[in-house]
Every structure is written in structure tokens, then in C-alpha cells.
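The values are calculated or read from the model by the stated rules, or taken from the named source; none is laboratory data. All values derive from a computational prediction rather than experimental measurement. Using ideal geometry, Cβ is built from the backbone for each residue, glycine included, and neighbour counts are taken over all protein chains shown.
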Amino acid sequence: MRIEPRPLPSTLPFLGNLPPLLTRLYAARGVQSEAELDKSLARLLPYQQLKGIEAAVDLLVEALDRRQRILIVGDFDADGATASTVGMLGLRLLGAAHVDYLVPNRFEYGYGLTPEIVQVALERQPDLLVTVDNGISSVEGVAAAKAAGLKVLVTDHHLPGPQLPDADAIVNPNQPGCDFPSKSLAGVGVIFYVLMALRARLRSLGRYETQPQPNIGELLDLVALGSVADVVPLDANNRILVHQGLERIRAGRARPGLKAILEVARRDHRRITSTDLGFILGPRLNAAGRLDDMSLGIECLLCEDQALAQDMAQQLDDLNQDRKSIEQGMQREALAQLKDLPVESMPYGLCLFDADWHQGVIGILASRLKERYHRPTIAFADAGDGMLKGSARSVPGFHIRDALDAVAARQPQLISKFGGHAMAAGLSLPESNFPAFAEAFDEEVRRQLREEDLTGRLLSDGSLAVEEFHLDLAKALRNAGPWGQHFPEPLFHGVFQLVEQRVVGERHLKVVLKSECGSVRLDGIAFGIDRDVWPNPTVRWVELAYKLDVNEFRGNESVQLMIAHMEPR
């Protein structure tokens with residue numbers, strides 16, 4: 001693992017009267033003006049810039065006026081669950097008489113609005129289908145819905161394929177011809193924007209002259225959760241959405257279900273951060289879609305009764321524990337496949353398959369292996385009928401969805417279908433094609449990446465001076481976010497004396513450190529350490545990459561280093 005300095009612009013921008021450290025941190029993350037740090041809702045990009053938004057609103061106004069049945073078709077991850085919930089709650093707030101949701105079970109129907117899911121949807125007798133977090137690649141599914149006499153509104157954020165579905169309206173910042181400046185909205189962000197536009201239309205029609213205007217800002221806690229859990233880049237617009245959602249949660253105004261998940265996870269809502277959304281709430285919500293049915297997660301978020309929400313949150317927590325156990329077993333099996341393979345002989349693009357692996361967990365497995373081996377990774381599971389389902393994760397500088405497109409262009413018979421983003425994608429292929437696909441994928445990675453690109457790299461914001469290891473700075477950094485994808489939490493590095501080390505839990509290392517000059521004593525923790533390496537009583541000095549954090553224990557607060565990387569010096 002290499003620790004490298006995070007690049008800085010040659011001239012630092014003026015960002016107001018910020019401390020120099022914060023100015024440097026923001027500048028290194030691309031902030032160029034003080035206005036970009038304004039996280040008020042007034043600074044949100046206008047919905048009018050989204051292509052298709054007026055046609056979408058036309059469909060929804062007609063559905064509201066005619067008391068039509070609206071059916072939301074969602075996705076089985078946290079973004080899809082929050083988007084489905086936001087769509088349900090928002091349309092109800094705005095006057096929908098009949099609105100329901102349908103989430104395909106990933107094990108029976110797979111992803112998106114397929115013709116098979118349209119048949120299931122027809123049992124609900126809808127007039128209008130609204131996709132959330134899917135639909136842009138559902139050419140056949142939309143055609144089936146239209147043939148059945150339904151109107152279809154697609155709201156999505158995924159990259160489109162060569163052909164767009166023939167929907168009545170499409171809202172997707174990544175569709176051709178859309179000038180919306182932020183291409184990074186999550187699926188939940190897209191449906192939230194549609195609701196903003198719908199409310200504005202209803203206001204212009206005079207609907208709120210004799211009644212209060214609904215506050216769709218009540219849904220921002222869910223928008224924040226879905227955006228962070230889907231790991232979309234936190235550009236200035238997404239940072240506003242996430243910040244506002246976090247403020248609602250901290251103020252105790254979150255949905256009962258979201259509160260319940262936090263309580264089951266033993267997290268204080270008053271101190272929640274974007275990291276908690278991604279690593280505490282997101283996995284528990286995702287566990288329902290991975291192992292069972294995402295309807296449990298959506299019902300928890302929709303629930304108005306705190307006691308019932310608490311029961312569902314506990315079920316989600318139990319599923320997440322099951323998911324962890326399954327994942328650990330799959331990791332052991334994957335590492336066993338690779339243990340005898342010298343690093344120099346390892347493919348640049350890793351493809352792994354085991355007939356017993358769980359379809360719902362292969363995405364996490366691919367992420368873990370990508371982090372360990374620092375190369376694009378695809379994990380496959382048996383999808384039945386001679387087919388495999390794969391989940392792909394990438395490294396910086398390698399667009400995984402475009403790579404699959406390149407493989408498919410050269411050898412169109414290999415992949416049955418695929419889709420995704422720069423850093424994550426999904427695909428299906430016949431099991432008999434696996435060896436040829438693994439070879440073709442490795443060739444594509446080698447075409448784009450060099451050997452040095454496959455070395456883990458941590459970008460550091462520099463070293464902290466002894467006088468900067470204090471609680472006020474740790475709190476200021478926590479509140480300076482929200483941090484996340486493409487706007488990473490500050491990471492520092494330095495050499496420390498290792499005074500004490502002990503394992504807590506199964507694989508976490510608690511340490512006591514002294515600064516290099518020995519004048520400051522600090523607590524630190526490293527999660528998921530390699531037990532073959534740590535603890536090591538012979539090591540006296542270590543080089544660390546770390547985040548400055550606030551540790552809260554029995555009402556007391558202290559500085560703690562969250563260690564991202566540690567090696568002997």
C-alpha cells in the first residue's frame with residue numbers, strides 16, 4: 001500500500017474565513033468557491049434542467065386528477081428501497097389516491113422492469129407504472145407494459161444502453177440530451193426531484209391556495225440514506241441533499257423506521273454522520289434485498305408505528321448478521337481459490353465463481369476482494385438454468401461498465417446482459433462461457449491498466465502537528481462534510497510510537513500511541529486487521545494513515561485515530 005499526498009491546486013481558493021487546514025481540505029476535493037459550501041436547500045440545482053421532467057409531471061397530474069392507480073416498481077438495494085419509499089410517501093403527500101409499490105425479488109425475477117415483472121404488476125391493475133432506480137435499460141419491459149395499455153414513467157440514474165425504452169416520459173440525468181449539471185443523482189434523488197417539480201406544478205394550478213403546501217423536505221432523511229448507501233459521488237448538489245437529511249436525523253425528525261434501525265444498531269441519532277449512513281444503516285437495509293425480500297426494508301421505512309418499526313428493524317439487523325456470516329464463508333472460499341497463485345501470476349481482472357455462493361452477497365465479496373488485491377473483480381454465483389449472475393467492482397481509473405461493453409462488442413456471444421456504473425456493474429452469462437469471459441475480461445483490464453495501477457494507494461491530506469490532535473478539530477472535521485464518494489473524509493499520515501496493542505472483538509486492534517516526539521498520547525483503532533500480522537509485540541514504531549475521530553464512551557469524549565493503514569517502521 002502506497003501513501004501519497006492528495007493533489008492540491010497551485011493556488012488555493014478563497015473560501016471565507018475558514019481555518020487554513022479546512023481551506024486546504026476543501027480545495028483538494030475540488031471546491032473552488034465559498035458558494036459551494038452553502039448547503040441550504042435554496043442552492044439545489046433547479047429541477048427544470050432535467051430533461052423529461054415536464055412530461056413526467058403531466059403524467060402524474062393526470063393520475064392525481066383522475067384518481068388513477070399508480071404502481072412504483074423499485075430495485076432491491078438501499079437506493080431502490082429509499083426511492084420506493086420516497087415515491088410512495090411523496091405522492092401520498094401530494095394527493096395520490098391510489099399508490100402502491102412492487103419490488104422484484106432478485107432471486108425470482110432479477111433486476112428492473114422485465115416483461116415478467118409487468119405480468120406481476122398487472123395483477124394490481126395499475127394505470128401508471130413509475131420506475132425508481134431502474135428502467136433506463138428496460139426496453140422489453142416497457143414495451144410489454146405499453147402493450148398492456150399502461151402508461152410508464154421511468155425515473156432512473158443508471159447509464160443508458162444504445163436503445164432507450166419507449167416510455168411516456170423518462171427522467172434520468174444521464175440520458176442523452178439532458179443538461180442537468182449533476183450526473184451523480186442517486187435513484188432516490190431523481191424521484192425526489194420529480195416530486196419537487198410535481199409540487200411546483202400543483203402550486204401553479206392553485207392547489208395550495210386554500211390548504212397548506214405539503215413539505216416534501218420531510219423525505220430528505222431517506223434521500224440522504226439512499227444517496228450515501230448507493231455510493232454516488234457527493235458533488236455540491238448531492239452534498240446539499242445529504243447534509244439536509246442528516247440535519248433532520250440529528251434533530252430527531254427522521255422517519256420512525258430509520259430511527260428504529262439506528263436504535264437497534266445502538267447509534268445516537270444526534271451524532272450521526274454520512275459514514276454511519278453508508279456503513280451502519282445501508283448494510284442493514286440492503287440485507288433484506290440480499291437475503292430475503294426488500295419489501296421488509298421498505299415496510300420498515302414506511303411504517304408510522306415506532307414499536308412495529310422497531311420489530312422490523314430487529315429483523316433487518318438479524319438478516320444483516322446472517323449476511324455477515326455468509327459473506328465471511330464466501331471470503332474464505334475465494335481466498336482458498338487464490339492462495340496458491342503468486343501475485344505476479346494473478347490476472348489483472350479477477351473473475352471468481354463457486355456454485356454454492358449466494359447471489360445476494362457476491363457484490364460484497366467482489367468489493368472485499370477488490371480492496372484486498374487492488375484490481376477489478378467480478379464474483380459469480382449460480383443463477384439456475386445454466387446461467388451465472390456476476391457482480392463487478394472496480395478500482396479508480398477503470399470504468400467497469402464500459403469495460404463490459406468493450407468485451408461484449410468484441411465477443412457478443414459471451415455476455416447475456418449487463419449494466420451499471422464506473423465503479424460497479426452487474427451481468428449475466430451462460431456458465432459454459434465463464435472461462436472465455438474471464439480471459440476476455442482480463443485482457444480488457446490489461447489493455448487499460450498498468451502493473452503500477454494494481455497497487456493499493458491511499459491519498460493523504462498530510463501530517464497533523466502535535467497541537468492539532470484535539471477534540472475541537474476532530475469535531476470540526478466531522479461537521480465539515482458530508483464526506484463520501486469523490487469527497488472523501490480527511491485522511492492524514494504520520495509515524496507514531498506503538499505503546500500498547502490488543503485485539504478487541506474478532507479482528508479489531510486497539511492501540512495506544514505516542515506522537516513521534518513523544519509529547520502526546522493517543523488512542524487508536526484499526527478494524528478488520530490481518531491476524532497473521534497483528535498484534536506484534538516486537539514492533540515499536542508504526543507508520544499510520546488515519547482519520548481524526550471523536551470517541552464517545554460513557555458520556556465522555558476524546559480524540560481517537562481511526563486507522564486506515566498501519567505498517568511497521
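Summary of computed values
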| quantity | calculated |
| --- | --- |
| Residue match in the range 443-462 (condition: among the polar types (S, T, N, Q), in contact (Cβ under 8 Å) with a residue 24 or more places away in the chain and part of a helix (DSSP H, G or I)) | yes |
| Qualifying positions in the range 151-167 - surrounded by 20 or more Cβ atoms within 10 Å (Cβ to Cβ) and touching a strand residue (DSSP E or B) at 6+ places or on another chain (Cβ under 7 Å) | V152, L153, V154, T155, D156, H158, P165, A167 |
| Residues satisfying the stated conditions in the range 180-210, i.e. within 29 Å of the chain's Cα centre (by Cα) and hydroxyl-bearing (S, T, Y) | S182, S184, Y193 |
| Filtered residue count, the range 493-526, keeping only those that are in a loop (DSSP other than H, G, I, E, B) and exposed (fewer than 13 other Cβ atoms within 10 Å of the Cβ) | 5 |
| Some residue of the range 293-313 being surrounded by fewer than 20 Cβ atoms within 10 Å (Cβ to Cβ), modelled with pLDDT under 90 and under 21 Å from A81 (Cα atoms) | yes |
| Subset of the range 175-189 [within 16 Å of Y47 (Cβ to Cβ) and either modelled with pLDDT under 95 or outside any helix (DSSP H, G or I) (or both)] | Q175, C178, D179, F180, P181, S182, K183, S184, L185, A186 |
| Selection count, the range 402-436, where residues are in contact (Cβ under 8 Å) with a residue 40 or more places away in the chain, buried (at least 19 other Cβ atoms within 10 Å of the Cβ) and touching a Gly at 6+ places or on another chain (Cβ under 9 Å) | 6 |
| Complete set of residues in the range 381-401 that are part of a strand (DSSP E or B), more than 16 Å from the chain's Cα centre (by Cα) and not aliphatic (A, V, I, L, M) | D382, G384, K389, G390 |
| Qualifying strands (runs of 3 or more DSSP E) (wholly inside the range 26-136; at least 1 residues being surrounded by fewer than 19 Cβ atoms within 10 Å (Cβ to Cβ), touching a helix residue (DSSP H, G or I) at 6+ places or on another chain (Cβ under 9 Å) and at negative phi) | 69-73, 98-102 |
| Of all residues in the range 1-25 being in contact (Cβ under 8 Å) with a residue 60 or more places away in the chain and aliphatic (A, V, I, L, M), the one that is surrounded by the most Cβ atoms within 10 Å (Cβ to Cβ) | L25 |
| Pair list, Cβ < 7 Å and 6+ apart or interchain, from the range 140-151 residues that are within 12 Å of A167 (Cβ to Cβ) and without any contact (Cβ under 8 Å) to a residue 24 or more places away in the chain to residues that are crowded, with 16+ Cβ neighbours inside 10 Å and of a type in the set (A, V, I, L, M) | K146/V152 |
| Pick from the range 238-275, criterion among the hydroxyl-bearing types (S, T, Y) and more than 21 Å from Y193 (Cβ to Cβ), ranking: nearest to the chain's Cα centre (by Cα) | T275 |
| Within the range 355-401, considering residues that are charged (D, E, K, R) and closer than 23 Å to M1 by Cβ, the one surrounded by the fewest Cβ atoms within 10 Å (Cβ to Cβ) | E371 |
| Candidates L222, L285, L258 - the one that is at pLDDT below 95, outside any loop (DSSP other than H, G, I, E, B) and in contact with a helix residue (DSSP H, G or I) (Cβ under 7 Å, 6 or more places away or on another chain) | L285 |
| Qualifying position, being surrounded by 23 or more Cβ atoms within 10 Å (Cβ to Cβ) and either in the same structural domain as G90 (by TED's automatic domain parsing) or assigned to a helix (DSSP H, G or I) (or both), among R290, R323, R332 | R290 |
